[in-house]
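Colleague: This structure is in structure tokens; I'll ask about it shortly.
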Ligand code: 6PG
């Protein structure tokens with residue numbers, strides 16, 4: 001496995017309401033991406049060996065692109081048991097998949113088009129301009145149409161994960177009794193505290209049952225560096241489904257994320273303002289992979305007191 005260029009500083013951030021948070025701080029975005037890809041490969045190998053299956057939900061935005069590129073390169077591409085991997089999305093912008101803003105397009109170009117994962121194991125959210133589901137075109141400006149996409153993806157997840165509970169787990173795997181969810185959910189965080197498309201002040205934050213929701217990301221939700229993602233309908237995994245995961249990994253780099261990461265990890269719990277604080281895996285582990293810039297405002301170790 002790749003070696004870290006410098007040992008990461010591993011600290012335990014403030015315990016959120018359910019679980020401790022493991023924070024790894026890497027020197028720069030490149031080593032952060034390397035560490036993230038290394039973790040994904042390790043968890044994929046472990047999961048496929050134990051259950052013949054590894055379910056991964058991808059983050060959108062720009063930060064994970066380098067992680068995905070690593071997965072398509074040696075040595076990682078040769079270490080992942082691709083035949084057992086299933087890929088889902090954490091959220092999707094409702095644009096045509098050929099649109100440069102599409103999270104599906106970014107992931108396909110960065111790695112899915114370059115690795116031997118069975119095409120049927122790639123599960124996009126299909127909420128863009130092209131036909132969605134059984135061919136009914138999605139009108140990306142219509143709430144009803146986007147909500148139908150969310151319902152379709154919710155149904156896809158429930159079918160997949162109930163089937164996995166019945167069949168794909170190895171005998172005796174105790175996960176069958178637990179509420180099945182993704183093995184690993186990769187998440188980014190916006191400088192307004194959103195993750196996936198769980199934006200501050202939106203109704204999807206109140207969801208307790210559905211696994212997938214539709215949300216309109218208004219201009220106020222867009223930070224300066226991603227104005228392109230404004231005024232868009234989106235489909236997103238909800239916190240209840242993300243929190244079923246065995247492993248949740250946030251990745252964030254750059255000084256622009258430092259203030260919000262300080263608020264999320266070491267500030268008061270206020271999930272309406274900081275939706276990323278909703279993410280507390282019920283049975284799983286929660287990791288924040290940062291670089292020195294994005295972690296620069298955290299009170300580390302003894303400084304926390
Ligand atoms: C999206 C993402 C979103 C993203 C954050 C961080 O579709 O935009 O899912 O939640 O992860 O906005 O984006 P960057 O990595 O570009 O900073």
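Colleague: Would you mind getting me the FRET efficiency between residue 159 and residue 210? Use the beta-carbon distance for r and R0 = 22 Å, nearest 0.05. If you can, show how the numbers build up before the last one.
Modeller: Working: r = 15 Å, r/R0 = 0.67.
It comes to 0.90.
Colleague: Return 94, 182, 53 ranked ascending by Cβ neighbour count within 10 Å, so the fewest neighbours appear first.
Modeller: Details: 94 29, 182 24, 53 21.
Fewest to most other Cβ atoms nearby, the residues stand as 53, 182, 94.
Colleague: Work out how much length residue 151 to residue 30 would gain on full extension: take 0.36 nm times their residue separation and subtract the Cα-Cα distance, in nm to one decimal.
Modeller: Working: separation 121, 0.36 × 121 = 43.56 nm, distance 3.70 nm.
Working it through step by step, the gained length comes to 39.9 nm.
Colleague: While we're looking at this one, here's another question. Answer rounded, prolate or oblate for the range 37-127, using the Cα gyration tensor with square roots of eigenvalues a ≥ b ≥ c: rounded when a/c is under 1.5, else prolate when a/b is larger than b/c, else oblate. Numbers along the way, then the final one.
Modeller: Values: a/c = 2.02, a/b = 1.58, b/c = 1.28.
Prolate, since a/c reaches 1.5 and a/b exceeds b/c.
Colleague: Okay, next question. Sticking with the crude label model, points 7 Å out along Cα→Cβ, report the distance from residue 114 to residue 46 in nm, one decimal please.
Modeller: Computed distance between label sites residue 114 and residue 46 equals 2.7 nm.
Colleague: Quick check on the range 51-100: take the gyration tensor over C-alpha atoms, sort the square-rooted eigenvalues as a ≥ b ≥ c, and tell me if it's rounded (a/c under 1.5), prolate or oblate. Can you show the working numbers first?
Modeller: Working: a/c = 2.50, a/b = 1.50, b/c = 1.67.
Verdict is oblate for the range 51-100.
Colleague: Between residue 203 and residue 256, with labels modelled 7 Å along Cα→Cβ, what's the label distance in nm to one decimal, could you check?
Modeller: So the label points at residue 203 and residue 256 sit 3.0 nm apart.
We did not get these values from a lab; they are worked out from the coordinates using the rules stated. Keep in mind that this is a model prediction, so the values were computed, not measured. Methodologically, a virtual Cβ is constructed for each residue, glycine included, from the backbone with ideal geometry; neighbour enumeration extends over all protein chains shown.
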